[in-house]
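The values are calculated or read from the model by the stated rules, or taken from the named source; none is laboratory data. Because the structure is predicted, anything quoted here is derived from the model rather than measured. Surface areas here come from the heavy atoms of the whole protein model, side chains and all, with no ligands, DNA or RNA. Shrake-Rupley method; radii C 1.70, N 1.55, O 1.52, S 1.80 Å.
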Amino acid sequence: MTEGTRWDAPQTRHFDVPDPESPLTHFGSRLKDGTWKFIDMPKWRSASNDPYVEVDVSMLLGKLTIDEASMRIRRMSVPDREKRKQAVRYFITGKLLENGYYVLQTPSPHNPDHVSVYGNMEEIDAAIPAGQPVLISEDAHRAWWTHPERVKLSTLEIERRCRDDE
């Protein structure tokens, strides 16, 4: 993917499934009340002028420290007051795969360790109306992610860390 092209443009990069033993890092934050804030499902952002929506949760390949994850995501340092709020949690790729998630390395020039965690694409694809591209059907993705029997990401994490833990 070249600089300035859209994420949904034809791709020239390789997408691979990480090794099932690979750890993944998910960046989040700790709120003032001590609770954790991690994205547990796609943000469902869709703009009226763009038919594409976010249908995955972003993570990073490897077990990264809070500082490593922050730098890979933001590509700049943050003020100390913001650093105190940062947190990470870890997953094992194989556990996500076993529970219906589809894990795909989706590197970019700015973030070579980016990983996209999708819902069960076979189930999502089966729910999409004929002729509609899979990345446009927000309803099909949302139905999978909000299904009450879905194993939530929060139950699959193997560890959480905040600044107090380091």
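Some points to look at:
- Calculated accessible area for the range 65-156 comes out at 54 Å² per residue, all protein chains present (probe 1.4 Å; ligands, DNA, RNA ignored).
- Rounded if a/c under 1.5, otherwise prolate or oblate - the range 52-166, Cα gyration tensor axes: prolate
- Length gained when the stretch Glu82-Lys152 is fully extended (0.36 nm per residue, less Cα-Cα span): 22.5 nm
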